[in-house]
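Take a look at the structure set out below.
We did not get these values from a lab; they are worked out from the coordinates using the rules stated. Small disclaimer: the values here were computed from a predicted structure and weren't measured. For neighbour counting, all protein chains shown are included, and Cβ atoms are generated from backbone atoms with ideal geometry for every residue, glycine included.
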Amino acid sequence: MQQCVSALSGLRIKSLFIGLTLSFLTCCAASNASINQTQNNQSENNRPKVVQRTIDWPAAQKLANRHSDIDIAQNKLSPVRKSVTAGTKLAVPLMLLPASYTSSVTLLSAFRFSSPLLLQTATGYTVVYKSSQVDVVVDASNAMMQTAGNRETVQQDFDGQYQHIEGGGGEKTIGRFGALYSVQLMCNKPAIPQCVTEAMLDEVINGLDVYPASVLSR
Amino acid sequence: MNLKKVVAAVVTTLALNLLAACSSDNTDTASNNNPVTVGECTFLSAGNLLPNSGIGVNDTTIWAPGMISPFNADIAYAKSQVYNPGGSNSNNSDQCASSNFAYPHRDTFCELRFSDRDSYNCPSRRIHQGIDINAGTPEDCRLLKHASGLIAKGASPSLADIIPVLAVTDGIISYIGSYTVDLSPSSDQALSKFRYLHLNMRTLKVQFGDAVKQGDVIGYYYNDFGGTSTTFHLHLELIAFIDGRAQYVSPYASFIRSEELSKNMLCQELG
């Protein structure tokens, strides 16, 4: 009996010693962490590299030149511009909707879009057309991140896959003249069923046309 | 027997003294000599969604390395708005439940939704394209509920301006919708924009085209959703052009990191 008690006492002592030692080591290891150390598996700065896309300016200019000064004046394009000064060279070709947008569309004809609100961004521009139910937002860029498995070198025109976005909106990324344009229809009234559809977005995309950047000075 | 007792006593005393020394000073000094508080913040791994709320992605990339927290003094918690108390898929209707304002942070990027939505790397397309964040305390939440009721009866919308929401980076306000504010970074060519949802849209501090500095107040935490009901939370999206298209990437790791830096603490990953 006494030997058993002794054995148990020894076991408890060893367990206590091991437990306390482990507690001490855990406590001090935690408190020695540095705020500048990321968590073990957080990958800081391993984003894919940023590449500049090659813009086909001659092709864009050729098409833009179809819009004569008179044509532009008659269409009454008047972007409300922020942070874009006359003579500024945009990083990507300027694509806008025509002022007389109701002429050939069916789904968007009920919306009365505002004049475009345009501003220059780090890699291109953003243009916004507002209406009570749906806003058109186009984010244009000459840059993108490129993953290791992507070897895209041919920057032909393309229309990307449609996706819904939060709140009942929709988006497609299109490529024109080498630049990327994220065309979004933002639903202002998410409670409305089918507030935005792919067909509406396609009408917007089909309506976009390239204009000379000189419109910004008007 | 006596020797064993002596050894046990010495070991125990030493261990207890060492533990006392550790717990009395729960801080250490970071390389910048600012005190670091350890152990207050915890988070679950990226992609570890609530059970039965979808399939997440273990994306630990810090897509926005320079980002600060959208909340300064207020504690913020990444939490599900659909599957936690108050959410449409929860049995508990109280969005102000204390569990919604407690660690650990939980990722909600890729959380199950019913629309066909794409992302950079979620396993499916019926997904949540951002993260949801609760801010403040349960008491703040109850104040917001009370304010919301008064505002619905005609009181000033500014009654709900309790928790400011900050610009997470230098940039330009590139779009304001009925429940959305977009912030395009000035100098990070990798990112297209940060998209904030559900601010108090009637009391925004910014307009389209405004240049903002990191840390500027852009608006206040609320639940505006274009007339649709939702909980009080900030929905934050990160959009970037990747491989030829605009893609939604996970803000989760960037948000955790920004919370650590903004509040000078170290968050422990729980798994």
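Straight-line reach from A:LYS89: taking Cα to Cα under 16 Å and skipping same-chain neighbours fewer than 8 places apart, the aspartates and glutamates in range are A:ASP56. Across every pair of non-identical alpha carbons in the range B:133-271, the mean reciprocal distance, once inverted, gives a Kirkwood radius of 16.0 Å. Just list whichever of B:LYS79/B:LYS153; A:LYS189/B:LYS79; A:LYS189/B:LYS205; A:LYS62/A:LYS130; B:LYS145/B:LYS193 have alpha carbons separated by over 27 Å in the model shown. Too far apart for the 27 Å limit: B:LYS79/B:LYS153; A:LYS62/A:LYS130; B:LYS145/B:LYS193. Computed on the range B:34-122, with alpha-carbon pairs under 8 angstrom and 6+ residues apart, the relative contact order is 37 percent. Pairwise Cα distances in the range B:37-114 exceed 20 Å in 38 percent of cases.
If you take the Cα centroid of the range B:126-145 and the Cα centroid of the range B:212-264, the two points sit 12 Å apart. Comparing chain B with the 2.2 N^0.38 Å rule of thumb, its C-alpha radius of gyration ratio is 1.16 (two decimals). Please report the relative contact order for the range B:160-207, taking Cα pairs under 8 Å with a sequence separation of at least 6, and give it as a percent rounded to a whole number. Worked out over the range B:160-207, it gives 31 percent.
The value for the range B:86-199 of Rg(Cα) / (2.2 N^0.38 Å) is 1.25. Residue order for B:GLU269, B:GLU40, fewest other beta carbons within 10 angstrom first, comes to B:GLU40, B:GLU269. From helices alone, chain B scores -6000 deg cm²/dmol at 222 nm; the rule is -39500 (n - 2.57) for each run of n ≥ 4 DSSP H residues, then divide by the residue total.
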